[in-house]
Amino acid sequence: MTHDQKNILSVRDMSHEEIDVLLSVAAKFDQSEFTGHELDGKILAVLFFEPSTRTRMSFSSAMMRLGGQILNFGSVAASSVVKGETLSDTIRVTSGYADAIVLRHPKEGAARLASEIAAVPVINGGDGAGQHPSQTLQDLFTIRKSMQLENIDVGVQGDLRYGRTVHSLANALTKYDNIRLHTIAPEGLELPNYLRQDLTDAGMEVIAHESIEEIISALDVLYVTRLQRERFPDPAAFASFAATYRITSALLARAKPSMIILHPLPRVDEIDPAVDALPCAKYFQQAHYGVSVRMAMLHEVMRP
Ligand code: NCD
């Protein structure tokens with residue numbers, strides 16, 4: 001880091017208070033309390049080395065809504081990466097073209113490395129199986145719309161080994177009082193041991209379940225994720241996990257009426273589309289909140 005820049009790399013670096021401030025600013029922006037000129041004249045470089053729909057587009061929309069402009073790196077195939085350019089060189093150069101960088105990269109730690117090189121703030125748009133802070137803030141924002149962020153039972157289901165959204169969310173939830181984390185994963189895709197340790201060291205109760213049926217009736221939030229196909233070292237191993245879990249209306253009949261279902265999206269086949277019409281299905285709403293939350297993040301790192 002070359003000067004006192006405000007990066008957003010991981011929720012682990014953020015205090016409960018810092019998270020709450022960002023969520024409050026996001027709530028204002030969600031109520032259209034902005035002039036559209038907050039980031040006039042600013043440029044955001046959007047560097048995505050992995051596929052993305054929501055994160056890329058919601059960061060872009062957020063920047064434009066605040067009056068700023070976007071400089072898009074485009075696809076890796078159309079960049080100098082194919083000529084052999086290193087991430088460090090790409091970041092060093094791009095940081096002279098923009099006022100902030102949002103980076104998504106398949107390697108864990110890429111955003112932190114970028115922040116050490118860049119002369120402008122760096123926001124982590126997802127680093128491998130590591131962290132995804134903008135998604136986590138959006139998840140917390142969505143939960144807070146329905147309930148208090150304390151003394152609740154949160155179930156996380158799916159690919160807990162490779163899914164960064166769950167890793168990031170779990171870290172954030174340790175900052176709130178009395179959250180119990182219930183994990184439901186196919187065998188072999190459980191939470192990594194280092195993370196489980198990290199969470200329990202932070203005082204969180206983490207309970208592993210064999211099946212969703214045994215815990216569904218106790219949950220306040222059910223967070224479902226897809227298998228992270230691209231992170232499986234072996235396609236045959238991926239095939240053996242495909243379609244091993246699916247949320248259906250029949251299962252949800254046993255849930256508390258107040259329980260909400262979140263999913264960072266994209267959904268593949270983990271949630272039956274018939275569930276979309278139920279009041280507990282909040283995942284599309286969650287995706288919409290992504291713009292206000294990212295407006296708050298961009299405002300935080302680039303405001304004068
Ligand atoms: C997530 C991601 O990229 O980690 N997507 C997103 O940003 N909403 C989840 C996923 O790809 O499964």
request  = Give just the number: which of (1) away from the ligand (no atom under 16 Å from the Cβ); (2) in the same structural domain as residue 225 (by TED's automatic domain parsing) does residue 138 not satisfy?
outcome  = (1)
In region 141-178, residue nearest to the ligand (Cβ to nearest atom) [restricted to those that are farther than 18 Å from residue 255 by Cβ and of a type in the set (A, V, I, L, M, F, W, C)] = 166
Scope region 163-174; condition crowded, with 21+ Cβ neighbours inside 10 Å and part of a loop (DSSP other than H, G, I, E, B); matching residues = 163
ask   = Taking region 34-74 on its own, how many of its residues are outside any strand (DSSP E or B) and within 16 Å of the ligand (Cβ to nearest atom)?
value = 14
query = Taking region 119-134, which residues are open to solvent by less than 10 Å² (accessible area, probe 1.4 Å) and outside any loop (DSSP other than H, G, I, E, B)?
reply = 122, 123, 124, 125, 126, 133, 134
inquiry  = I need the helices (runs of 4 or more DSSP H) fully contained in region 196-304, keeping only those with at least 1 residues that are within 16 Å of the ligand (Cβ to nearest atom) and over 21 Å from the mean Cα position of the chain (by Cα).
reply    = 235-241
Residues of region 75-91 satisfying the condition of being outside any helix (DSSP H, G or I) and either open to solvent by 70 Å² or more (accessible area, probe 1.4 Å) or on the phi < 0 side of the Ramachandran plot (or both) = 75, 79, 85, 86
ask   = Within region 56-64, can one find any residue that is open to solvent by less than 20 Å² (accessible area, probe 1.4 Å), farther than 19 Å from residue 135 by Cα and not acidic (Asp, Glu)?
value = no
inquiry  = Cβ-Cβ under 8 Å, sequence separation 6+ or interchain: first residue in region 223-245 and open to solvent by 50 Å² or more (accessible area, probe 1.4 Å), partner part of a helix (DSSP H, G or I) and within 14 Å of the ligand (Cβ to nearest atom). Which pairs?
reply    = 229/238
remark   = When region 39-50 is checked residue by residue, the ones that are open to solvent by 50 Å² or more (accessible area, probe 1.4 Å) and in contact (Cβ under 8 Å) with a residue 60 or more places away in the chain are 42
query = In the set 28, 6, which member is among the basic types (Lys, Arg), part of a loop (DSSP other than H, G, I, E, B) and either surrounded by fewer than 18 Cβ atoms within 10 Å (Cβ to Cβ) or within 18 Å of the chain's Cα centre (by Cα) (or both)?
reply = 6
query = Can you find a residue in region 181-203 that is buried (at least 19 other Cβ atoms within 10 Å of the Cβ), among the β-branched types (Val, Ile, Thr) and outside the structural domain of residue 21 (by TED's automatic domain parsing)?
reply = yes
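The values are calculated or read from the model by the stated rules, or taken from the named source; none is laboratory data. Nothing here was measured: the structure is a model prediction, and the numbers come from that model. Heads up, the Cβs are rebuilt from the backbone with ideal geometry, glycines too, and the neighbour counts pull from every protein chain shown. Heads up: the accessible areas ignore ligands, DNA and RNA and are worked out on the full protein's heavy atoms, side chains in. Shrake-Rupley method; radii C 1.70, N 1.55, O 1.52, S 1.80 Å.
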